[in-house]
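Reading through the structure tokens given below for one structure.
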Amino acid sequence: MESLDNLLVKAEAAHGHLCAGQILGVRMALLGLQLLGINDPRGADRKRLVTYIEIDRCATDAIGLVTGCRLGKRALKFRDWGKMAATFVDLNSGRAVRVVALEDSRELARQLFPDVEPKSRQQMLAYRELSDAQLFREQWVRVRVDASELPGTKGERVICPRCGEGVNFGRFVESDGQSLCLSCAEPTLRYWQPES
Ligand SMILES: [Zn+2]
Ligand SMILES: [Zn+2]
């Protein structure tokens, strides 16, 4: 596995800056991969891994970088739960491990580098030094990745009869004998509303 320092250089380039979230994300991904025994996630093992990420912050980019799992490859699954947590699924073995960043890591950072200001720098230094056990809790879990959710699945494409837009991956609802897209089936759940 690539070193933390190497990965942080790449993470900084990809994300635009180095920050505490990047360091936490890189380390979280390294821990998940290490627990699964995956050493070359962007090379020989690149088809082995699916990652579920529970937050869309700086760490998310870092986790995508280290694991090679990307939204556009369907290997990165976003669950908008606002938690600094990710689950790494080994498709070969069927094993999965969920890693959560511990709440007291900021306090540990303060204890470790009390004189360093600002807090962001304090955390960046500490998140390199603290042990995995100080930063994270891990839990072996079961994740059922449906065949239709796997990377590389094409799936059929359905045209919504109401709006005329194409829908992939079975993201439609049967309603009154029609296959409607989600935004036509449940207009109140739309994230957008047309301008009147
Ligand atoms: Zn950042
Ligand atoms: Zn529609």
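The values are calculated or read from the model by the stated rules, or taken from the named source; none is laboratory data. Treat the numbers as computed from the prediction; the structure is a model and nothing was measured. In this analysis, Cβ positions are derived from the backbone assuming ideal geometry, glycine residues included, and neighbour counts consider all displayed protein chains.
Search the range 166-196 for residues being part of a loop (DSSP other than H, G, I, E, B) and either among the aromatic types (Phe, Trp, Tyr) or touching a residue at least 60 places away in the same chain (Cβ under 8 Å) (or both), and hand back the single one that is farthest from ligand 1 (Cβ to nearest atom).
Step one: list which residues in the range 166-196 are part of a loop (DSSP other than H, G, I, E, B), which gives 168-171, 176-177, 186, 190-196.
Retained after the next criterion (residues that are either among the aromatic types (Phe, Trp, Tyr) or touching a residue at least 60 places away in the same chain (Cβ under 8 Å) (or both)): 169, 191-192.
Numbers: PHE169: 30, TYR191: 24, TRP192: 27 Å.
Once the filter is applied, the top-ranked residue is PHE169.
Can you list the helices (runs of 4 or more DSSP H) lying wholly within the range 98-141 that have 1 or more residues being among the aromatic types (Phe, Trp, Tyr)?
Values: elements: 105-112, 119-129, 132-135.
By residue number, 119-129.
So that you can scan it fast, the table gives a plain yes or no per residue for (1) within 16 Å of ligand 2 (Cβ to nearest atom); (2) in contact (Cβ under 8 Å) with a residue 40 or more places away in the chain:
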| position | (1), (2) |
| --- | --- |
| LEU91 | no, yes |
| SER120 | no, yes |
| ALA126 | no, no |
| GLN134 | no, no |
| GLU149 | no, yes |
| GLY152 | no, yes |
| ARG162 | yes, no |
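Can ASP80 be described as part of a helix (DSSP H, G or I), without any contact (Cβ under 8 Å) to a residue 60 or more places away in the chain and of a type in the set (D, E, K, R)?
Values: part of a helix (DSSP H, G or I): no; without any contact (Cβ under 8 Å) to a residue 60 or more places away in the chain: yes; of a type in the set (D, E, K, R): yes.
So ASP80 fails the test.
Could you tell me whether LEU30 is under 14 Å from the mean Cα position of the chain (by Cα), aliphatic (A, V, I, L, M), away from ligand 2 (no atom under 16 Å from the Cβ) and part of a helix (DSSP H, G or I)? Please lay out each step first, then the result.
Details: under 14 Å from the mean Cα position of the chain (by Cα): yes; aliphatic (A, V, I, L, M): yes; away from ligand 2 (no atom under 16 Å from the Cβ): yes; part of a helix (DSSP H, G or I): yes.
In short, yes.
Among what's in the range 49-60 and is surrounded by 20 or more Cβ atoms within 10 Å (Cβ to Cβ) and not in a helix (DSSP H, G or I), pick the residue that is nearest to ligand 1 (Cβ to nearest atom).
Selected residue: ILE55.
Suppose the filter is acidic (Asp, Glu), at pLDDT 95 or above and more than 16 Å from ligand 2 (Cβ to nearest atom); does ASP80 pass it? Talk me through it step by step, then tell me what you get.
Details: acidic (Asp, Glu): yes; at pLDDT 95 or above: yes; more than 16 Å from ligand 2 (Cβ to nearest atom): yes.
Yes; evaluated as a whole, the condition is true for this residue.
Mind counting the residues in the range 141-172 that are surrounded by 15 or more Cβ atoms within 10 Å (Cβ to Cβ) and among the aliphatic types (A, V, I, L, M)?
4
Could you check the range 6-46 and list, in sequence order, the residues that are crowded, with 16+ Cβ neighbours inside 10 Å and away from ligand 1 (no atom under 16 Å from the Cβ)?
Correct list: LEU30, LEU31, GLY32, LEU33, LEU35, LEU36, ILE38, PRO41, ASP45, ARG46.
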